[in-house]
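This report concerns only the one structure given below.
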Amino acid sequence: MAKTHVTMKVNGAEVEGLIEPRTLLVHFLRENLQLTGTHIGCETTHCGACTVDLDGMSVKSCTVFAVQAEGADILTIEGVAHADGTLSALQEGFRMMHGLQCGFCTPGMIVRAQRLLQENPSPDEAEIRMGISGNICRCTGYQNIVKAIQYAAAKINGVEFQEAAE
Amino acid sequence: MNDMTPTREQREAKLEGMGCKRKRVEDVRFTQGRGQYVDDVKLPGMLHGDFVRSPHPHARIKSINTEAALKVPGVLAVLTAETLKTVNLAWMPTLAGDVQMVLADGKVLFQNQEVAFVVATDRYAADDGINAVEVEYEPLPVLVDPFKAMAADAPVLREDLAGKTTGAHGPRKHHNHIFEWTVGDKELTDVAFSKAEVTIKEMISYHRTHPSPLETCQCLCSFDKIKGELTIYGTFQAPHVIRTVVALISKIPEHKIHVIAPDIGGGFGNKVGAYPGYICAAVASIVTGKPVKWVEDRIENLTSTSFARDYHMTTEIAATKEGKVTGLRVHVLADHGAFDACADPSKWPAGFFNIVTGSYDFPTAHLAVDGVYTNKAPGGVAYRCSFRVTEAAYCIERGMDILAQKLGMDPAELRLKNFIKAEQFPYHSALGWEYDSGDYHTAMKKMMETVDYAGLRREQAAKRAAFKRGETREIMGLGLSFFTEIVGAGPSKNCDILGIAMFDSCEIRLHPTGAGIARVGTKSQGQGHETTWAQIIATEIGIPADDIMVEEGNTDTAPYGLGTYGSRSTPVAGAAIAMAARKIKAKAQMIAAYKLEVHEGDLEWDIDGFRVKGLPEKVMSMKDICWAAYNSVPPGMEPGLEAVSYYDPPNMTYPFGAYICVMDIDVDTGVYKVRRFYALDDCGTRINPMIIEGQVHGGLTEAFAIAMGQEIRYDESGNVVTGSFMDFFMPTAVETPHWETDFTVTPSPHHPIGAKGVGESPNVGGVPAFSNAVNDAFAFLGATHIQMPHDFWRNWQAAKKLGALAA
């Protein structure tokens, strides 16, 4: 199959590749760029394990062709930590609140939550739950993911995080 | 002492040992996308394999033509049953003593069965190849309903078993019969029923569902022809067992097989068994001389690898008028699909279903299980469950509610009246188990007080009255569940897999500077073993958990263990870890005595080292003992500080819990709302309360999904109609209720640290709580038992059947 040249910005770096036009963005990221933090859980846009940020929107990279991302600015989980290597507020929140277990949904969940907090810097619990409803987690039951996002929102907003009583 | 000397509390806190909410070690890599899962592993020259699958649930294969596929760019090979026959691998043994086709041999027996394996340079080319394989089928009559499996005129599914009147578990009664398994005293139980003042009888179905971890099953096989060695990276919950199975069926010597289970994206029982993909990838690597990767997609996962449940349980309870149970009689019709690929300990064709007497003091009971074949996917795995314990708990917990309804008694009162009492432990159940410990009344009463059970019942009575007056269209249900689990398989006297006793193991090696590594025979899939195993060691030998690296999943380096499933890791491997640590501590004591120039008996343990009794200033820390172990051990002692333990548990452990679900249902739409869910778990000694809470949240969410809609359903023609996340209920954060957790602590008397295991309890106990809530809600309208799953549509149907819909 004839190959197509694509260029895009991924985690701040200009990248390019020669790929079949049918190559999915998630495969381009994982196979061509070796960015394996973005996972594949269903290939039908339901589970959100492949969520990346594309030009300021959360997208499921298993149903976007890499050629559709030509010229796009993409953020994957590998680009989330601070430049000095320390964990971002969300990454820290997930660890502190036990917001992950097997870790397979975590990259998509954190990338989605990062966009959510830019869309709505102080979401309430219902808004968080709706905001991550495109991302399935099989392990945590979501309760601690919600807390992790609340923890991060508080930290980013410079207010004290208060864990809701059970 | 100067001000810099740490206090005892500070020393203890520094260890982050048992009981501490230690943050997880794993999370540092997982939150940064730096985990390494199977599909992240890439080897030079790697190829990809993918399956041609059958669209038919039952058909004869007239021909398979691979010519066109082999011409597709990138396609290198196509394996069929004929290819596999040349290496005697067209069929493989199952864990349940049956055999299973690796690739369709002459016929197909379920929709999406593996027919051919296309190997290509990448996954896209493999897919092109699949589309070019031509298979000609001749459809055969389809058997979907397990209740029709043993009809005289039922189609013959397993032609390979023609004439075989005996299977792995005794006589077969019919060509679609797999086994009959009976336990208990039939005569005595029949007498109990003939004398009973009150009896109930109900067919309680636990529908077919699927564990569906977010990462599907996958592997990467690489055969080195020069060395004759096979390396397999795979999503394996039991990597050592996989190595032994591969050795037995491939004839490759076991020491030349390297099985590596890297990070695993959830298992829930799905990743215990051996699947055709593993065999095909291994054979393809041998054939092509290149590494071959196989990755299931979600539809393949849901429709071919290992369903769970599908138990149809005719349940009878005998009781006195006052509500004292006198007998239990259960018959199970077990639908195993096309092959019995149930993942149970080998001698247990229905797992530990004989825990079905539950938390109650039944004087007598009898159980019979008939397994049958149908044209459905094979399996019967324990979906977050210790081998059919979920089915058993659902059976008895529904049964007790049905009995309470018949007696006109409150279901909580009925349970309290029949619980095994704390002083009866160890308790011998009518179906053969020795319950190690329990305090059911305390747990139940704590739950009832915490949620104000009496107040909830008063509210329900008021709502029911209001409904009857036509003032509301909402009904309210209280779902109780008091479950007893049986986990920690298991003692060698009654548990093995293919002849290998179900022990587990740990090897601890401490380095001169006081840090070390622990290798364990289990394999975490999200349970956080790297965190909790180090906590056990920290408490046992006084080395901070942060200084212990935990490694699992590499069969070349870890001691042999039976893996992680059935909540067995803490009861079995957790014990092995404690015992290995105690061996180290014993040697450390000898070294300390030598260095402190006292008799061993003059030393006592103190948090992180030994001190001389009566001389608290004379101490030797474990860190210093580590150094001494490498340069100045007592004369005659070998240097070094390491130990290995293989732990064969004397008994299972029996975690239990009291759950309650408060649910409101709109009668006219069937829409339900879980208003409150409270879960009290007793898992004995608690290693890491944060992780326990996480396990309970996750298990409850799975239980919620299963009870309220998650189903693998087939239509009458044998087509799977729930083959993707579009149709297979997978709750998001929006549907998932809020969870309240609580606990009591009744340590296991036979476990070195008193721990019992908790991972599966919420799935086991959760499902009956949800289902009982729905049934309790509808009970006053005349319902006795409404089958799961209880989605909106079925709730609406139930209301309609009861004549409760608005006119």
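Just so you know, all these numbers are worked out from the coordinates, no wet-lab data involved. Since the structure is predicted, the reported quantities are computational estimates derived from the model, not experimental observations. Here the Cβ is made from the backbone with ideal geometry for all residues, glycine too, and neighbour counts use every protein chain on show.
Before moving on, here are some points about what is shown:
- Rounded to the nearest 20 debye, the dipole size of region A:1-58 about its Cα centre is 100 debye, using +1 on the Cβ of Lys and Arg and -1 on the Cβ of Asp and Glu.
- Computed over the alpha-carbon pairs of the protein assembly as shown, the distance histogram in 10 Å steps reads 2, 11, 20, 24, 21, 14, 6, 1, 0, 0 percent, short to long.
- Within 10 Å of each Cβ in B:726-738, the average number of Cβ atoms from other chains: 6
- Here's how it looks for residue B:229: its modeled amide H is under 5 Å from those of B:224, which are all 5 or more places away or on a different chain.
- Estimated vicinal HN-Hα couplings, Hz - region B:36-49 in sequence order (Karplus 6.51, -1.76, 1.60; Gly, Pro = x): 10, 9, 4, 6, 7, 7, 10, 10, x, x, 4, 10, 10, x
- Percentage relative contact order, region B:294-353, counting C-alpha pairs under 8 Å, at least six apart: 24
- Cα shape, region A:44-166, gyration tensor, a/c 1.5 rule: prolate
- Region A:9-140 - percent relative contact order, Cα under 8 Å, separation 6 or more: 28
- Average beta-carbon neighbours from other chains, 10 Å sphere, peptide A:128-135: 3
- Net charge dipole size for region B:282-408 [Lys, Arg +1 and Asp, Glu -1 on Cβ; Debye, nearest 20]: 140
- Burial ranking of peptide ranges B:189-196, B:354-361 (average Cβ count within 10 Å, highest at the top): B:354-361, B:189-196
- Protection proxy ranking of B:701-708, A:118-125, B:795-802, B:114-121 - average other beta-carbon atoms within 10 Å, highest first: B:701-708, B:114-121, B:795-802, A:118-125
- For region B:421-430, Karplus couplings with θ = phi - 60° (6.51, -1.76, 1.60), whole Hz, Gly/Pro x: 7, 3, 7, 8, 7, x, 10, 9, 7, 5
- Percent of C-alpha pairs per 5 Å bin, region B:261-364, short to long: 2, 9, 14, 16, 13, 12, 9, 7, 6, 5, 3, 2, 1, 1, 0
- Residue (of B:103, B:73, B:121) at the positive-pole extreme of region B:59-200, dipole from beta-carbon charges: B:103
- With a 10 Å cut-off around each Cβ of B:693-699, the average count of Cβ atoms from other chains is 6.
- Beta bridges by DSSP in the protein assembly as shown, antiparallel share as percent, to the nearest 5: 80
- Volume per residue for region B:609-707 equals 229 cubic angstrom (convex hull of Cα atoms).
- Residues whose placed amide H lies under 5 Å from that of residue A:37, excluding near-sequence neighbours: none
- Prolate/oblate/rounded label for region B:176-225 (Cα gyration tensor, a/c 1.5): prolate
- For region A:1-98, alpha-carbon Rg and Dmax in angstrom: 14.0, 48
- For the residue pairs B:42/B:71; B:164/B:376; B:523/B:583; B:195/B:321; B:583/B:618, the alpha carbons lie more than 19 Å apart in B:42/B:71; B:164/B:376; B:523/B:583; B:583/B:618.
- Our estimate of slack between residue B:65 and residue B:469, defined as 0.36 nm per intervening residue step minus the Cα-Cα distance, is 138.5 nm.
- Applying a threshold of 30 Å to the alpha-carbon distances of B:271/B:673; B:148/B:201; A:155/B:14; B:406/B:445; B:227/B:587; B:421/B:468 flags B:271/B:673; B:227/B:587; B:421/B:468 as lying beyond it.
- Residue among A:33, A:117, A:75 with the largest mean-square fluctuation in a Gaussian network model of chain A, springs linking Cα atoms under 10 Å: A:33
- Whole-Hz ³J(HN,Hα) from phi, Karplus 6.51 cos²θ - 1.76 cosθ + 1.60, for region B:4-11, glycine and proline x: 7, 5, x, 6, 4, 4, 5, 5
- Relative contact order for chain B, counting Cα pairs under 8 Å that sit 6 or more residues apart, in percent: 15
- Here region B:429-544 was treated as a single set of alpha-carbon atoms; its pair distances binned every 5 Å from 0 give 2, 7, 11, 10, 10, 11, 11, 9, 8, 7, 6, 4, 3, 1, 0, 0 percent.
- Among the listed pairs B:23/B:585; B:23/B:446; A:147/B:21; B:225/B:290, those whose Cα-Cα separation exceeds 20 Å are B:23/B:585; B:23/B:446.
- Evaluating kT/(6 pi eta Rh) at 20 °C and 1.002 mPa s, with the Kirkwood radius of chain B over Cα pairs in the Stokes-Einstein relation, gives 76 µm² s⁻¹.
- In a reduced charge model with +1 at each Lys and Arg Cβ and -1 at each Asp and Glu Cβ, chain B shows a dipole moment near 560 debye about its Cα centre.
- All Cα pairs of region B:72-111, percent lying beyond 13 Å: 60
- Relative packing of B:155-166, B:554-565, B:241-252, which averages over residues the other C-beta atoms within 10 Å, highest first: B:554-565, B:241-252, B:155-166
- As a rough footprinting exposure proxy, the listed residues B:172, A:30 were ranked by other beta carbons within 10 Å of their own, and the order from fewest upward is B:172, A:30.
- Taking 0.36 nm per residue of separation and subtracting the current Cα-Cα distance, fully stretching the chain between residue B:590 and residue B:406 would add 59.7 nm.
- Long-range tail of P(r) for region B:309-403 (Cα pairs > 15 Å, %): 59
- The angle between the Cα long axis of helix A:106-119 and the main principal axis of chain A comes to about 70°, on a 0 to 90 degree scale.
- For residue B:52, the residues 5 or more places off, or on other chains, whose built amide H falls under 5 Å of its own are B:115, B:116, B:117, B:118.
- Computed label-point distance, nm, for sites residue A:34 and residue B:582 using a 7 Å Cα→Cβ extension: 4.8
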